[in-house]
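These notes concern the structure reproduced below.
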Amino acid sequence: MNDTMGRYRTVIGHRLFWPAAVLVVMLAANTIYRPGFLSIELKDGHLYGTPIDILRLSAPLILVALGMTMVISTGGIDLSVGSLCAISGAIACMYISKQPDQNSLGVVLTALAMALGVSLVLGAWNGVLVAVIGIQPIIATLILMVAGRGLAQLITEGQIITINSEPYRAIGLGHMLTLPLAIFIALAAALLVAAFTRRSALGMIIESVGGNAEASRLAGIRSGRIVFLVYVLSAGCAAIAGFMMTANVSSADGNAAGLWVELDAILAVVIGGTSLAGGRFFLSGTIIGALIIQTLTTTVYAMDISPQTSLLFKAVVVIAVCLIQAPAFRARFARRRRNAPSPGAIADKPKEQVPA
Amino acid sequence: MTTGSLTAGRARFRLPRRQIPVLATLVLLLVMYGIGVSQYQAFSNVQVIFNVFIDNGFLLVVAVGMTFVILTGGIDLSVGSVVAMTAMVSAWLLQEGLPAALVLVIALLIGPTLGLLMGCAIHFFEIQPFIVTLAGMFFARGMCTFISGASIPITDGFWTRMSQERIGDPRGNFVSISVLVAFVVVAIAAYALAYTRLGRNVYAIGGNPQSALLMGLPVGRTRIAVYTISGLCSAIGGILLSFYTLSGAPLIAVGMELDVIAAVVIGGTVLTGGAGYIFGTVLGVLVLGVIQTLITFDGSLNSWWTKIVIGSLLFAFILLQRLIGIRYK
Amino acid sequence: GNSDTGGGSKDDGKLTMGFSQVGAESGWRTANTTSIKDAATAAGIELKFDDAQQKQENQIKAIRNYIQQKVDVIAFSPVVESGWDTVLKEAKDAGIPVILTDRSVDSADKTLYKTFLGSDFVKEGKLAGEWLVEQKKTASGPVNIVELQGTTGAAPANDRKKGFAEAIGANPNLKIIASQTGDFTRAGGKQVMEQFLKANKQIDVLFAHNDDMGLGALEAITAAGKVPGKDITIITVDAVKDGMQALADGKFNFIAECSPLLGPQLMDLAKKVDAGEEVPARIETEETTFTTEQAKEALPNRKY
Amino acid sequence: MTDSRPVLTMTGISKSFPGVRALHDVNFQLFPGEVHALMGENGAGKSTLIKVLTGVYDTDDGVITLADEPVSFSGPMQATAAGVSTVFQEVNLCTNLSVAENIFIGREPRLLGAVRWGEVRRRARALLARLELDLDVSAPLGSYSLAIQQMVAIARAIDIQARVLILDEPTSSLDASEVAQLFRIMRQLRDEGIAILFVTHFLDQVYEIADRITVLRNGGLVGEYLTTELPQLSLIEKMIGKELDVLEGIEEHSRRNLAALEEGTPLVAVSNFRRAGAVEPFSLTIHAGEVVGLAGLLGSGRTEVARLLFGADRTDGGQVAVDGAASSLRTPAQAIDHGVGFCSENRRAEGIVADLSVRENMILAMQAARGWLRPIPRRRQDELVDKYIKALNIRPADPEVPVRNLSGGNQQKVLLARWLITEPRLLILDEPTRGIDIGAKTEIQKLVTQLSDGGMAVLFISAELEEVLRLSHKVAVMRDRQMVAQLANDDTLDADRIMQTIASGSHREEADR
Ligand SMILES: Nc1ncnc2c1ncn2[C@@H]1O[C@H](COP(=O)(O)OP(=O)(O)OP(=O)(O)O)[C@@H](O)[C@H]1O
Ligand SMILES: Nc1ncnc2c1ncn2[C@@H]1O[C@H](COP(=O)(O)OP(=O)(O)OP(=O)(O)O)[C@@H](O)[C@H]1O
Ligand SMILES: [Mg+2]
Ligand SMILES: [Mg+2]
């Protein structure tokens, strides 16, 4: 009895519990509204169904949010990711569209390399502004957020560049083991970032810089390099996300690609439990956060909530998510409930378990 | 002996250092204006300056509210939507035939109420301001589209008068009433920050919230107050915007929160809180306004170059500001 | 810029026009901008161009600045319909004529602007709806329509929705079973269509408020194993090149044109207005509709 | 004194944090007009008791009465309003505000709601004068050293019209004259009938000022005693629960032959290091195995010297040689590469990373030196961390708790461990024993001697001259940001002579003016 109680407590106490619970509740609500919501069928050898859509569509957001997690963990913020998505997509599509054989793998790889390269350079630009010149991150990245959109449109000359390239399309729409390739790419990126940060000491050092920059400096951390690196990383993630977004519709739209994705990404990071003030970061939380956001968007469409009210609906859900997530809210709520029926019964429990 | 060692009151930095970023901003702003004048004839018209104020009055008011929030180390993403919502609600109520005075009161109550609620959520439930105000942003924008999918014109006499009244020589140079309102708001805010307990608590909380709490300052109350103030400023901004455009439109002021935050930060306020001035915010708004004016005067840029040039000007400005700041540290 | 671009340009006899564009939010808009710029050059008009980035405030600012610069004509495509009286009055007081393009404004005082040149969004929706009514004349059972709206609150979205709804009202069998915003983008159109397809067993018709959303939806329809243009009839608005291609390929069934090529007409008008000639209060651009066959014909010399 | 009724009683107070029982059934009472010392090892629960009292934490159990009224404060604001004025353990002020404002914020003199700044500054100056401090009251507090900040915090607390004054380790980085100053005021307040709760780890201070002592151990109450009836040794016993092996051995060590050490090339030799507005040019050589003490008064520039040596601040000029070869120590990272470590006096702002665990905080410097690409294997981390948790008796002994949950003294130990783990060749310790209990302090002192015997050089800064004298081979004396003398620690050197040196330095300077 005590043992199950303890296990129950550790599950509830886990920081991923509440975000995950929210996700489950959202899916459940959808299923109640439309029983077929979770159903998945096999079409042309791929799995087909709303859950798959959610996974595929959340892939770019997951990617952007991963980079954003690192940046936020250092106490910064990267507003330019949306523009970077647009730029990387624009460069890749532009290059491919100019080639005679759009289906050649070599062409696509070159395009990807070029776009990624440019994005990394732009990430480095952000990094220099923040880490070397010492401009406040929000402003430093705002510059590229504004100018980057212009750059993307400059590249596409304000047109939507449509391409017809199977290998490129695969980034957004391809399948592997019956599942969308995009989700594997996102997962791979997540694992890579996780390995990169947690297997090396990078993660701890990032958290240290975000937690107390001066103390970290005095401990010998060259925080400038770390901060720089993080912005480059974020740009890299955004670039790949940009490929996915453009591949998804086989066209690059300098204006619309990745519009407002920075807000969604920041929201995902925060829902995932990372504090905007910097410090500890949680990659798995971020991923769940991104899934929650995509599920929310899909819910609006799936329930066909009228566009006029959909923002209100989103607001209500986001508020609910925040409240459920907030320990202080749950504490208040629990206290009130506890006071009513059997005072003390639950309250005494933790004390007994505390080792002296 | 001890006294001997302590007599020379030497701080590592003297007071003016705190004003340097603001001074640098002012100088750079003047330089930018000078460039405009030297490039374009009509730029030197006094009315150009007045127009910058007329066109940015509402932005200024909202930025003042945002300054309070950022000074405590918080952020308020809802401002743009609250501005839109206020304008929308006013337009709608006027269309429904309510008297102007009543509409004004209602419109001025909605913003602060939302701000109060957000402040409470932030304080009592310890939810990060970013999410709370983002939800507030969705909510307010949702209210806009909920009220009407299309824009609602305002034909009310009072509004029209406020909108078209020209103060100054009506043939020559003039400002609008909004500008005066904005100045009043700026003056009150500057006074409140410098001379009232509330204002000082704002700085203290921005400096270090834990310390402020342990020093016995009303941290919760202040925090809730700043979001309420920001809500109020957004509401006033919304009214000014409805004067400005004589309508309420669901998609107006989209992304305004970023302009506002940018203005505040360019004005020298630190995003982590605790340092900054209202005067800096005024400068920040002017910087954005002058950049915009420069772009229009040029008139040869296409859409994407406009964005790139705005970004570049912003960059040049911030870089110089920063370099001057370092230099005189 | 160089110093001679400022101030009144009457002296060199060249007409100066201040033009404030909504933004560059779509390929359509870019084509519109290009048309205006090219036409200005061709007509020997000095154009001061401003991009408002979808913000009404920015447009008002731009107009104020044009007044300061004493341009000869001001033209702009309003972001929204309402809220222009104050600044237009200032222009009027300064004696600068104003021409509206693309979208109109709802000022009660019609003397604030000289003329309106542009499309009628309601009519576009109507044309689309009428074609559908004609097509489904013979349908005995209910016809299920899904609609991809433009950005919520945007004038073209509101008007096209309205016009379409009016037109299909003629046949009670035609029913809109779902209507969602796709934000005028391909990605949006696709994402929404995916859910429509999953939530609704039978979809007969898709009406998209612009080509881009329709193009996005195409992919969703294909992925669902349906044949666009056959299993689902697709109607869109705009007729940009990619859309026309899809139409020619039989993936779309019908497009109501919304032409962005206002430039030459605008410059003409500007000259007339500047010369003090009378111009009609409302000029609608010549627009047509396309079916697959017409698209095949028109496609080769489509510029945008 | 004792026959009046207590102004404050706390009965049966318990407080648990997840996994830690910080207070368990503690009783405490405070009478008007007494100075009551609250004693205990690091982590005994002293600060927690104070925070429970002032409403920073809710109690799990227990009753608090103030003047016979049961109270339960929701936070320091209410406590202050009820007449309980507190200086919390870490300096809890806002460094972005001016000195004057820090003293008066929340109760500024006002006229029609407007703060009267002139009055604020005037009164701040007057109040600081009472503490014999003359500061630029409109300068931001952050531009002053931690010790000054501590004095400002005290000034803030004593200005409040209070019935109860609580001082949690106010003296941890003050030197003798400041402490004397503080005590003078405390006596004055006591005589006015104010009840003072005083926490310190300096036994001498307790015996100098306290009337009564309450001892906590491991969150439990050991007892309440009259100071006069509790000899020092039994106080220590009560605090640590066993006898303390005394400081034998250390004394001899420091009086070792300095000349023997000073043979050969110095480990670090700086000449003409300076920083405008902070330190006048100074030269210093430190040899392997040498402990150099840095003595001086509050604000004399000891911390500045340390920071310059470590590259934490930029120098304006001067040369440095490591192992006889010209080098540069311009950033902390460079200094660390050269085997220099620096344990800052300001542990909250410049030391701990509160979010990170004890383990991560400990290995941070070592990891930084290796670069992030070469993580320290987890096994090795655990070994190191375990070793120092034991050696420094860090409590709780769980390496995975966030360091923010540790008591102040234990945080300090974590910081020390961080630097010891890097095995530096020169370790700069700025007030390393700040807020550390008597047991741990001797441990640390022993450690320093051991390390220096093993060849590590130490630059030792402490406000306690005795400590400096006990450990150092050589004492450099600072005065008004100038290094005025370097004295070998031979038999003739004692605290008085150091004070004289400082004083004569002062004469010289006065002549200069
Ligand atoms: N916020 C917290 N969360 C968890 N544990 C805490 C927290 N604050 C204190 N503790 C624990 O409570 C115990 C008592 O800490 P407290 O700060 O009261 O010690 P102290 O007697 O003041 O020690 P010191 O002399 O080092 O200041 C310690 O074991 C500490 O780790
Ligand atoms: N009496 C004072 N008057 C003005 N400023 C002072 C005074 N004392 C210290 N400061 C400021 O404090 C800063 C730090 O001094 P520093 O820390 O080097 O002194 P310290 O010898 O370490 O003394 P402390 O015991 O205060 O740590 C100096 O830059 C100086 O500006
Ligand atoms: Mg303590
Ligand atoms: Mg010091």
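The values are calculated or read from the model by the stated rules, or taken from the named source; none is laboratory data. Because the structure is a prediction, the values reported are computed rather than measured. Here the Cβ is made from the backbone with ideal geometry for all residues, glycine too, and neighbour counts use every protein chain on show.
For the reader, a short list of remarks on this structure follows.
- Considering the range D:410-513, the qualifying helices (runs of 4 or more DSSP H), each wholly inside and each with 2 or more residues that are of a type in the set (Gly, Ala, Ser), run over D:438-453, D:495-512.
Here's the yes/no breakdown for (1) modelled with pLDDT of 90 or more; (2) farther than 18 Å from residue A:58 by Cβ; (3) facing chain B (nearest Cβ under 7 Å):
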residue: A:294; (1), (2), (3): yes, no, no
residue: A:306; (1), (2), (3): no, yes, no
residue: A:311; (1), (2), (3): no, yes, yes
residue: A:326; (1), (2), (3): no, yes, yes
residue: A:332; (1), (2), (3): no, yes, no
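- Residue D:478 meets the conditions (1) out of contact with any Gly (no Cβ under 6 Å at 6 or more places or on another chain); (2) buried (at least 20 other Cβ atoms within 10 Å of the Cβ) in every case but one. The failed one is (1).
- Residues that are within 16 Å of ligand 2 (Cβ to nearest atom) and not assigned by the TED database to the domain that holds residue D:169 are absent from the range D:386-393.
- Of everything listed in (1) away from chain D (no Cβ under 14 Å); (2) in a helix (DSSP H, G or I), the single unmet condition for residue B:193 is (1).
- Single condition residue D:173 does not satisfy, out of (1) within 16 Å of ligand 4 (Cβ to nearest atom); (2) over 24 Å from residue D:239 (Cβ atoms); (3) of a type outside the set (Asp, Glu): (2)
- In the range B:112-130, the residue that is surrounded by the most Cβ atoms within 10 Å (Cβ to Cβ) out of those that are in contact with a Gly (Cβ under 6 Å, 6 or more places away or on another chain) and modelled with pLDDT under 95 is B:129.
- Residue in the range C:13-27 that is farthest from the other protein chains (Cβ to nearest Cβ), counting only those that are surrounded by fewer than 24 Cβ atoms within 10 Å (Cβ to Cβ) and in contact (Cβ under 8 Å) with a residue 60 or more places away in the chain: C:15
- Qualifying positions in the range D:122-145 - hydrophobic (A, V, I, L, M, F, W, C) and either more than 21 Å from residue D:303 (Cβ to Cβ) or not assigned by the TED database to the domain that holds residue D:160 (or both): D:124, D:126, D:127, D:129, D:137
- Consider the range D:75-126 and keep the residues that are within 19 Å of residue B:221 (Cβ to Cβ), more than 7 Å from chain B (Cβ to nearest Cβ) and of a type outside the set (Gly, Ala, Ser). The one that is surrounded by the most Cβ atoms within 10 Å (Cβ to Cβ) is D:104.
- Meets criteria (closer than 26 Å to residue A:131 by Cα, surrounded by 20 or more Cβ atoms within 10 Å (Cβ to Cβ) and under 13 Å from the mean Cα position of the chain (by Cα)) for residue B:318: no
- The residues of the range D:369-391 that are buried (at least 20 other Cβ atoms within 10 Å of the Cβ) and either touching a Ser or Thr at 6+ places or on another chain (Cβ under 8 Å) or touching a residue at least 40 places away in the same chain (Cβ under 8 Å) (or both), listed by number, are D:372, D:375.
- The set of residues in the range C:123-143 being touching a Lys or Arg at 6+ places or on another chain (Cβ under 6 Å) and either surrounded by fewer than 19 Cβ atoms within 10 Å (Cβ to Cβ) or part of a strand (DSSP E or B) (or both) consists of C:142, C:143.
- In summary, no strands (runs of 3 or more DSSP E) completely within the range C:207-304 bear 2 or more residues that are acidic (Asp, Glu).
- The residues on offer are C:190, C:162, C:201, and the sole one that is more than 9 Å from chain A (Cβ to nearest Cβ), in a helix (DSSP H, G or I) and either touching a Ser or Thr at 6+ places or on another chain (Cβ under 8 Å) or within 22 Å of residue A:305 (Cβ to Cβ) (or both) is C:162.
- Count - residues of the range B:224-254 that are among the polar types (S, T, N, Q) and within 12 Å of the chain's Cα centre (by Cα): 2
- Single match in B:176, B:151 (criterion: modelled with pLDDT under 95, facing another protein chain (nearest Cβ under 7 Å) and touching a strand residue (DSSP E or B) at 6+ places or on another chain (Cβ under 8 Å)): B:151
- Per-region count, the range B:278-307, residues over 12 Å from the mean Cα position of the chain (by Cα) and either part of a loop (DSSP other than H, G, I, E, B) or within 11 Å of chain A (Cβ to nearest Cβ) (or both): 10
- Subset of the range D:280-301 (residues that are within 22 Å of the chain's Cα centre (by Cα) and among the β-branched types (Val, Ile, Thr)): D:291, D:292
- From D:415, D:451, D:427, residue being more than 22 Å from residue D:216 (Cα to Cα) and within 16 Å of ligand 3 (Cβ to nearest atom): D:415
- Residue match in the range D:22-38 (condition: within 16 Å of ligand 2 (Cβ to nearest atom), touching a residue at least 12 places away in the same chain (Cβ under 8 Å) and under 25 Å from residue D:207 (Cα atoms)): no
- Any chance residue D:93 is outside the structural domain of residue D:389 (by the TED database), more than 16 Å from ligand 1 (Cβ to nearest atom) and within 23 Å of residue B:205 (Cα to Cα): yes
- Scope the range D:461-473; condition away from ligand 4 (no atom under 16 Å from the Cβ) and buried (at least 23 other Cβ atoms within 10 Å of the Cβ); matching residues: D:471, D:472, D:473
- Out of D:288, D:312, D:354, one residue alone is within 16 Å of ligand 1 (Cβ to nearest atom) and part of a loop (DSSP other than H, G, I, E, B). It is D:354.
- Scanning the range D:158-189 for residues that are within 16 Å of ligand 2 (Cβ to nearest atom) and not β-branched (Val, Ile, Thr) yields D:169, D:170, D:172, D:173, D:174, D:175, D:176, D:177, D:178, D:180, D:181, D:182.
- The strands (runs of 3 or more DSSP E) falling completely within the range D:1-63 that include 1 or more residues that are closer than 19 Å to residue D:219 by Cβ, assigned by the TED database to the domain that holds residue D:74 and near ligand 1 (Cβ under 8 Å from one of its atoms) map to D:8-17, D:20-30.
- Which listed residue is away from ligand 2 (no atom under 16 Å from the Cβ) and within 12 Å of another protein chain (Cβ to nearest Cβ), from D:427, D:447, D:373: D:373
- For the range A:151-161, the criterion of being β-branched (Val, Ile, Thr), in a helix (DSSP H, G or I) and in contact (Cβ under 8 Å) with a residue 24 or more places away in the chain is met by at least one residue.
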